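A.B. asks: Submitted below is the structure of interest, expressed as structure tokens.
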Amino acid sequence: MNGDTAPGFRGRFKLPALRPREANPVALPARLRIAASAGLAIYATAWVGGATSPALPMVASMGASAVILSAVPHSPMAGTWAVLGGHLLSGLVGVACAGWIADPWSAAGLALGLSIFAMHSARCLHPPGGATALYAVLGGDGVRALGYEFLLTPLALNLGLLLALAKLAHRPRPPAKPAPTPAHPPPLERLGLNGADLRAALHDIHAFVDVSEAELRQLYELAANHAYRRGFGEQDCIGIMSRDPVTVEFGTDLEETWALMRRHNIKAIPVIDRGRHVIGIITLTDFFRHAQIERLDGMGGKLRRLLQTTPGVHSRKPEVAGQIMTAPVVSVRAGTPVADLAPLLCGRGIHQIPVVDARDKLVGIVTQSDLIAAMYRNLVPQPVVQAP
């Protein structure tokens, strides 16, 4: 090959990278913790197994299980039933094939195939189980001599110790107090995928997918968010926000605050300090809550009593905006993409979001109406107006 054709050849035919880019990079401290926990688990399992059964202290496939239990503990293959069922069923199949078939290679092939079928049928697919089936057939005369006792010692003993140590190393944090379940799910959940959809899809694919339902839903939401960003392009909240919003300060009278909201026909008003930093937000709900309005009967009188300024120095009710505002406030930076606003305005029940600059000073506010208008402009082709 001459010099003229070599560059073209290299340009058209590229060798695959030997070290692929990691999809989910793991930080160095986490890698060290995973390696240490797996190594200690194997050491402890082998030590106890050696004290119990010196001739055969550990099944070799425990090393592969330790990798899965330590490195991907949230995988379906790392579940307790997957580990126990996968190894014990495969071990049973391997011992049976070793006893029934004299030819070790035929027994090994049949044991592996049957163990995969058994794990699939019992919903406990665990790849190291295939190694256990082969170990029962090809592990040597010592393993064959144990017969079905192999399932108890060393296999079950190894599994019990390994699982106990893995669960101890990756014990979950105590759950926080669960939030009350809303009567109606938020809009994004009503319109998006639900658990039944994901379970149906996993069933229809007719293949094992090493991902949990929660992880699959998260992947879908992330992919949908990227598609949404692609549709909006580079548009950010600056292009859709209301600039120079009406504001009040902490000490603004409630009557004046209410009058501003009525005059400008707005349902929320940010509360700022003298440096224009957002310290809170007042909505109609804040007025109604502090006026203790639960029914329409007597609403006007209760609201007037709240807004009326109390004469004198002492008061038993709120008098200024800062006393009824909601704080802290959910806000976004001026460069936040429009796609990132939908989960806040729809998923968290927020109707308006203050927009702040790099110094956390208020520069605008985005409402649900602004987001709907942006979506309409993006989805509906705008007419082209020709110059006369």
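A.B. asks: Of all residues in the range 140-172, count the ones that are open to solvent by 90 Å² or more (accessible area, probe 1.4 Å), over 35 Å from the mean Cα position of the chain (by Cα) and within 18 Å of Ser65 (Cα to Cα).
C.D. replies: 1
A.B. asks: Of (1) without any contact (Cβ under 8 Å) to a residue 40 or more places away in the chain; (2) in contact with a Phe, Trp or Tyr (Cβ under 9 Å, 6 or more places away or on another chain); (3) surrounded by fewer than 20 Cβ atoms within 10 Å (Cβ to Cβ), Gly99 satisfies all except one. Which?
C.D. replies: Condition not satisfied by Gly99: (1).
A.B. asks: Is the range 208-216 home to any residue that is among the aromatic types (Phe, Trp, Tyr) and at pLDDT below 70?
C.D. replies: Yes, some residue in the range 208-216 is among the aromatic types (Phe, Trp, Tyr) and at pLDDT below 70.
A.B. asks: Give the residues of the range 332-360 that are touching a Lys or Arg at 6+ places or on another chain (Cβ under 8 Å), surrounded by 15 or more Cβ atoms within 10 Å (Cβ to Cβ) and at pLDDT 85 or above, sorted by residue number.
C.D. replies: Gln352, Val355, Val356 - these are the residues of the range 332-360 that are touching a Lys or Arg at 6+ places or on another chain (Cβ under 8 Å), surrounded by 15 or more Cβ atoms within 10 Å (Cβ to Cβ) and at pLDDT 85 or above.
A.B. asks: So Ile116 clears everything in (1) touching a Gly at 6+ places or on another chain (Cβ under 7 Å); (2) open to solvent by less than 70 Å² (accessible area, probe 1.4 Å) except one condition, right? Which one?
C.D. replies: So the condition that Ile116 fails would be (2).
A.B. asks: Just name the residue that is farthest from the chain's Cα centre (by Cα) out of those in the range 119-129 that are open to solvent by 10 Å² or more (accessible area, probe 1.4 Å) and not aliphatic (A, V, I, L, M).
C.D. replies: Top of the filtered list is Ser121.
A.B. asks: Considering only the range 311-325, state which residues are open to solvent by 60 Å² or more (accessible area, probe 1.4 Å) and among the β-branched types (Val, Ile, Thr).
C.D. replies: The one that is open to solvent by 60 Å² or more (accessible area, probe 1.4 Å) and among the β-branched types (Val, Ile, Thr): Val313.
A.B. asks: Sticking with this one: Give me the pairs: first residue in the range 41-61 and open to solvent by 80 Å² or more (accessible area, probe 1.4 Å), second residue part of a helix (DSSP H, G or I), beta-carbon distance under 8 Å, and six or more apart or on different chains, which are they?
C.D. replies: Close Cβ pairs satisfying both conditions: Thr52/Thr153; Thr52/Pro154; Thr52/Leu157; Ala55/Gly142.
A.B. asks: Being in contact (Cβ under 8 Å) with a residue 60 or more places away in the chain and either in a helix (DSSP H, G or I) or among the polar types (S, T, N, Q) (or both) is the filter here; which residues of the range 280-322 pass it?
C.D. replies: Of everything in the range 280-322, those that are in contact (Cβ under 8 Å) with a residue 60 or more places away in the chain and either in a helix (DSSP H, G or I) or among the polar types (S, T, N, Q) (or both) turn out to be Thr283, Ala321, Gly322.
So that you can scan it fast, the table gives a plain yes or no per residue for (1) modelled with pLDDT of 70 or more; (2) exposed (fewer than 14 other Cβ atoms within 10 Å of the Cβ); (3) basic (Lys, Arg):
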| position | (1), (2), (3) |
| --- | --- |
| Ala227 | no, yes, no |
| Gly239 | yes, yes, no |
| Arg243 | yes, yes, yes |
| Gly251 | yes, yes, no |
| Leu254 | yes, no, no |
| Ala268 | yes, no, no |
| Ile279 | yes, no, no |
| Phe288 | yes, no, no |
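The values are calculated or read from the model by the stated rules, or taken from the named source; none is laboratory data. Note that the structure is a prediction, hence the values are computed from the model and not measured. We place every Cβ from the backbone using ideal geometry, glycine too, and count neighbours over all the protein chains shown. Ligands, DNA and RNA are excluded from the accessible area calculation, which covers all protein heavy atoms including side chains. Shrake-Rupley method; radii C 1.70, N 1.55, O 1.52, S 1.80 Å.
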